[in-house]
Amino acid sequence: MSTRHSLIGKLAPAFSLPNVNGSPYEFKPGANGKPTAVFFYPKAGTYGCTREVCGFRDALTEKVEFKDSGIQIIGISHDSVATIKAFAAKHDVTYPMLSDESGVARKAYSVSRGLMGLSEGRVTFFIDSKGVVREVFDSVIDFSGHIKAVSRALEQYRNSSN
């Protein structure tokens with residue numbers, strides 16, 4: 001997927017962040033026994049972030065590897081709950097969208113700024129059913145590459161599980 005990240009091969013950090021309704025959303029890696037893709041995106045409503053968020057939404061219903069795996073998708077940005085709520089409603093997002101205004105999850109996942117520090121980072125973590133980070137894809141510009149990277153990781157995960 002991308003360059004070596006310090007979390008690869010380690011248990012993914014747990015976190016609690018507000019969802020679109022402001023209620024705490026608890027993520028405990030591996031607790032549901034399904035793989036998870038946690039993606040951090042720079043800013044709700046921008047072109048690239050809209051494409052990425054909608055790409056994950058569509059993949060859950062259109063891509064066989066997403067449907068067959070039962071993968072959980074979680075989107076996180078530093079935007080406010082109100083901003084994320086409006087963004088998720090406008091685009092009929094079907095998975096948890098979380099607000100990380102304080103940056104606690106970004107810090108736990110070592111998500112750095114992108115574009116030479118000019119943008120929040122866009123990083124996707126593929127976490128296996130046991131809660132271990134297996135792949136990381138980091139690209140601010142290649143927003144559609146994040147969905148492709150998770151597709152590849154799901155295929156590799158499925159093949160290694162057989």
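The values are calculated or read from the model by the stated rules, or taken from the named source; none is laboratory data. Being a predicted model, the structure only gives us computed values, none of them experimental. Cβ: placed from backbone, ideal geometry, glycine included. Neighbour counts: every protein chain shown.
Each residue in the range 44-79 was checked for being of a type outside the set (Phe, Trp, Tyr) and within 12 Å of the chain's Cα centre (by Cα), and 12 pass. In the set (1) buried (at least 22 other Cβ atoms within 10 Å of the Cβ); (2) out of contact with any Ser or Thr (no Cβ under 6 Å at 6 or more places or on another chain); (3) closer than 21 Å to residue 12 by Cβ; (4) not small (Gly, Ala, Ser), residue 127 fails one condition alone, (2). Where strands (runs of 3 or more DSSP E) sit wholly within the range 46-162, those with at least 3 residues that are of a type in the set (A, V, I, L, M) occupy 72-77. Check the range 8-31 and report whether any residue there is polar (S, T, N, Q), under 13 Å from the mean Cα position of the chain (by Cα) and not in a helix (DSSP H, G or I). No - not one qualifying residue is present in the range 8-31.
Given the structure, is residue 46 among the β-branched types (Val, Ile, Thr), over 25 Å from residue 154 (Cβ atoms) and at pLDDT below 95? The answer is yes for residue 46. When residue 34 is tested against (1) in contact with a Ser or Thr (Cβ under 7 Å, 6 or more places away or on another chain); (2) over 17 Å from residue 137 (Cα atoms); (3) at pLDDT 95 or above, exactly one condition is not met: (3). For the range 64-91, a residue qualifies if it is loosely packed, with under 15 Cβ neighbours inside 10 Å and closer than 17 Å to residue 48 by Cα, and exactly one does: 90.
Checking 23, 80 one by one, the residue that is free of Cβ contacts under 8 Å to residues at least 12 places away in the same chain and farther than 22 Å from residue 151 by Cα is 23 and no other.
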